[in-house]
Each structure stands twice: as structure tokens, then as C-alpha cells.
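The values are calculated or read from the model by the stated rules, or taken from the named source; none is laboratory data. Bear in mind the structure is a predicted one, so any value in this text is a computation, not a measurement. Glycine also receives a Cβ, built like all others from the backbone with ideal geometry; neighbour counts cover every protein chain displayed. Each accessible area value is taken on the protein alone, full model and side chains, heavy atoms only, with ligands, DNA and RNA left out. Shrake-Rupley method; radii C 1.70, N 1.55, O 1.52, S 1.80 Å.
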Amino acid sequence: MLLNPRSRLAYNKIVRPFSNVVKTTPDEFTKESTFSIIKPDGMNHLGEIFNTIHKEGFYIRNLRMTQFNKALAKVFYEEHLGTDYFDGFRDFMVSGPIIAMQLKRLDAIRHFRTLIGPTNSDEAREVAPESLRARLGTDNRRNVIHGADSEQSVVRETDFFFGSTSLMKR
């Protein structure tokens with residue numbers, strides 16, 4: 001997907017300097033993968049998010065800055081269709097650019113979920129005050145980052161953004 005001029009500027013100034021974090025070495029293929037999305041509200045905190053991910057020993061295997069439209073958000077978040085919060089959440093996710101990432105490290109799924117903290121940022125501030133959501137999130141929706149919760153989710157979400165049949169334009 002083509003980025004608008006504002007998003008391209010943000011990418012060039014904020015994401016590109018972290019290109020040294022994007023690494024792939026032969027031993028990385030033996031490590032577990034996880035999947036993450038930096039949400040629109042996280043775009044103002046990219047430096048802190050990428051530094052935290054790097055310090056925790058994650059390697060970025062794939063990265064794409066893009067923006068959902070309503071139809072693609074509906075497909076990606078299909079398990080939430082029909083809930084009372086879906087429309088508001090979908091509107092939030094299409095409100096600005098996102099960064100999708102495939103991350104690798106040992107015990108990646110569990111470690112990343114611990115790193116980001118509980119979904120609700122208020123709860124995260126109580127039980128995981130050092131987590132990304134506690135430090136940077138606002139509420140249950142605007143919590144800066146998503147992390148896959150299972151191996152099945154990692155496969156589905158990674159394929160959605162990076163697979164050969166990806167619906168997201170390159």
C-alpha cells in the first residue's frame with residue numbers, strides 16, 4: 001500500500017533509523033516467531049517501542065508500515081465482528097498508519113505478551129507498570145500495540161501481512 005506523504009515522512013525519519021535492528025541470521029530461524037502491530041496511537045512512540053523490543057532481544061524478521069482500510073480491518077479482526085466494540089475499534093485502527101512486525105526470539109509469544117502487558121492500559125499500570133501499554137497506552141482500545149496470543153494467531157496474522165497471498169499491498 002502506498003503511504004501518504006505524512007506517513008512516508010514519519011517512516012523515513014522514525015522507522016528507517018532503526019534499520020540496524022532488522023536482522024536475520026541463520027540461527028534466528030530456530031527461534032520462535034510472534035506477530036505485533038504498532039497501532040495508530042503508538043506511532044508517536046516508535047523510538048521507545050523499538051528500543052524496548054531490541055533491548056528484550058527480539059529480532060525483526062519482517063516489518064511493514066501500512067494503513068488499514070475498513071474492509072481489510074474487517075477481515076483481519078473478523079473474530080470481533082458482532083461485538084459492541086467492533087465499530088469503534090475498527091474506526092480507530094483505520095485512523096492512521098500502523099506497523100506490522102514479525103518478531104523472533106526464544107519463547108517469543110509469551111515474552112512479548114509479558115513485555116506489552118494487559119490489554120487494558122489502566123490494568124497494565126496496576127499489574128505490569130513497566131510494560132509498554134502501562135507506559136504508553138491510554139485505555140482498552142488505545143493501548144499502542146498488539147501482540148499475538150497463540151501460535152495459531154501468529155501464523156494467521158503473519159500470513160495476512162507478509163504471506164504470498166497477503167491482502168496487504170506491497
Item to complete: Go through the residues of the range 39-59 one by one and say whether even a single one is of a type in the set (D, E, K, R), part of a helix (DSSP H, G or I) and farther than 15 Å from Ile99 by Cβ.
Response: yes
Discussion item. Looking only at the range 64-77, filter to residues that are farther than 18 Å from Ser153 by Cβ and in contact (Cβ under 8 Å) with a residue 40 or more places away in the chain; which one of those is least open to solvent (accessible area, probe 1.4 Å)?
Written reply: Thr66
Worksheet entry | Unmet requirement for Arg64, which otherwise passes all of (1) part of a helix (DSSP H, G or I); (2) closer than 17 Å to His146 by Cα | (1)
Discussion item. Looking at the range 78-119 only, could you name the residues that are touching a Leu at 6+ places or on another chain (Cβ under 8 Å), open to solvent by less than 10 Å² (accessible area, probe 1.4 Å) and aliphatic (A, V, I, L, M)?
Written reply: Ile99, Ala100, Met101, Ile116
